[in-house]
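In what follows, a structure is listed as structure tokens, so that the remarks can point back to it.
The values are calculated or read from the model by the stated rules, or taken from the named source; none is laboratory data. On a predicted model such as this, the values are computed, not experimentally measured, just so you know. Cβ coordinates were reconstructed from backbone atoms using ideal geometry, including for glycine residues, and neighbour counts include every protein chain displayed.
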There are 6 protein chains.
Amino acid sequence: MTLSMRNQFPGTVTSVTAGEAMASVKVRLAGGQDITAAITADAVEDLGLHADTSVVALIKSPEISLASA
Amino acid sequence: MTLSMRNQFPGTVTSVTAGEAMASVKVRLAGGQDITAAITADAVEDLGLHADTSVVALIKSPEISLASA
Amino acid sequence: MTLSMRNQFPGTVTSVTAGEAMASVKVRLAGGQDITAAITADAVEDLGLHADTSVVALIKSPEISLASA
Amino acid sequence: MTLSMRNQFPGTVTSVTAGEAMASVKVRLAGGQDITAAITADAVEDLGLHADTSVVALIKSPEISLASA
Amino acid sequence: MTLSMRNQFPGTVTSVTAGEAMASVKVRLAGGQDITAAITADAVEDLGLHADTSVVALIKSPEISLASA
Amino acid sequence: MTLSMRNQFPGTVTSVTAGEAMASVKVRLAGGQDITAAITADAVEDLGLHADTSVVALIKSPEISLASA
């Protein structure tokens, strides 16, 4: 399967905080950065996410903003 | 200024492709990854973006999806 | 690969309109609906999209709004 | 009222799971697919959503990604 | 029709810049602010948008970020 | 720091409702409108948001839809 999303970064889950509807999942990317994804609690369960799960973070280009110094 | 966006990654612009309304901007992150942001052509002009501009990529958590192997 | 995106709908591309940076791609879903996705022109090229390509439309839950009558 | 959102799909709510801030709402579309929308808990209350409410799911084109086989 | 989108601001279109796939539309809100929406070129045509068209800008809550001083 | 986000509106927080993962934050804009942002609970804590905090609401152009009468 090839995805149209231009931005696909492998990493490892470091923590999962689940609420009733949504969950925030922290991931340490292979490049060393820490990211936070907010996904549904259902998705956390379906993917079986927990600390140490290997994942790929996916981001669509129109969702990325830029700042200059 | 502190931003609510959890994901802020410094990098350097590698290319800018501008259309009438939108532009795609490629950025090499400090972590080594290449990302593509789609922003308005107006924003490219206002920020004066071109190859070698230092930028920070900003991503809101609900915009990030995850895939597991 | 399992995706966190709750909404994955198979369909067939019916048209591609590409600009410099972005492209709009119309897809007839298996359920009979027509959808329009706006993705980067680069993604259209990488996925080799044209009329009759089989695709899956992917939508993250926080991107869906609801209206009641 | 005419909406710029290209993607408007009628359906019926099948379940609502509300947290403090956000809620996930499952909808069976007229085309037969099941979708999940993540909206604010306030919106669930304002629209009076519950199982069997008729709704229209609304999705902006830049929020839709595509995958090819 | 009642929309789940928490943020609905009336205004008047001040300019439209259309590319092949996407268009940027500037709107002067009733509150005095200027906003820019990026929508498909198809939507501009369907809504018949031009300078002086009355519109309502619609924004889903998970799309809004905050900055503190 | 200059942001690519075209839409930056100053205002004052009027309420914060925090769940486990996400929070909804209501803001009265300087233009008189009330907006609701859904951000992570972590971001609420990091920015120290509470009623009366001065903030700027930030919105990327592709996240704004339009409706005509």
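Points worth noting:
- Which listed residue, of F:Ser54, F:Ser61, is among the polar types (S, T, N, Q), farther than 27 Å from C:Ala67 by Cβ and facing chain E (nearest Cβ under 7 Å): F:Ser54
- Residues of the stretch B:1-16 classified as under 13 Å from the mean Cα position of the chain (by Cα) and free of Cβ contacts under 8 Å to residues at least 40 places away in the same chain, total: 3
- So A:Ser4, is it buried (at least 17 other Cβ atoms within 10 Å of the Cβ) and small (Gly, Ala, Ser): yes
- Members of the stretch A:36-69 found to be part of a strand (DSSP E or B), crowded, with 23+ Cβ neighbours inside 10 Å and touching a residue at least 12 places away in the same chain (Cβ under 8 Å), listed by number: A:Thr36, A:Ala37, A:Ala38, A:Ile39, A:Thr40, A:Val55, A:Ala57, A:Leu58, A:Ile59
- Criterion: in contact with a helix residue (DSSP H, G or I) (Cβ under 6 Å, 6 or more places away or on another chain) and among the aliphatic types (A, V, I, L, M) - qualifying residue of A:Ala30, A:Ala51, A:Ala18, A:Ala69: A:Ala18
- Taking the listed residues E:Ala23, E:Ala18, E:Ala67, the one that is touching a Ser or Thr at 6+ places or on another chain (Cβ under 7 Å), within 29 Å of C:Thr17 (Cα to Cα) and not β-branched (Val, Ile, Thr) is E:Ala23, with no other qualifying.
- D:Ser15 being surrounded by fewer than 18 Cβ atoms within 10 Å (Cβ to Cβ) and either modelled with pLDDT under 95 or over 12 Å from C:Ser65 (Cα atoms) (or both): yes
- Tally of residues being within 12 Å of chain E (Cβ to nearest Cβ) and more than 25 Å from E:Val25 (Cα to Cα) across the stretch B:6-26: 3
- Matching residues in the stretch C:7-21 - criterion: being within 13 Å of C:Ala38 (Cα to Cα), assigned to a strand (DSSP E or B) and not hydrophobic (A, V, I, L, M, F, W, C): C:Ser15, C:Thr17
- Every residue from the stretch A:28-47 that is in contact with a strand residue (DSSP E or B) (Cβ under 8 Å, 6 or more places away or on another chain) and more than 7 Å from chain B (Cβ to nearest Cβ): A:Arg28, A:Ala30, A:Asp34, A:Thr40, A:Ala41, A:Asp42, A:Ala43, A:Val44, A:Asp46
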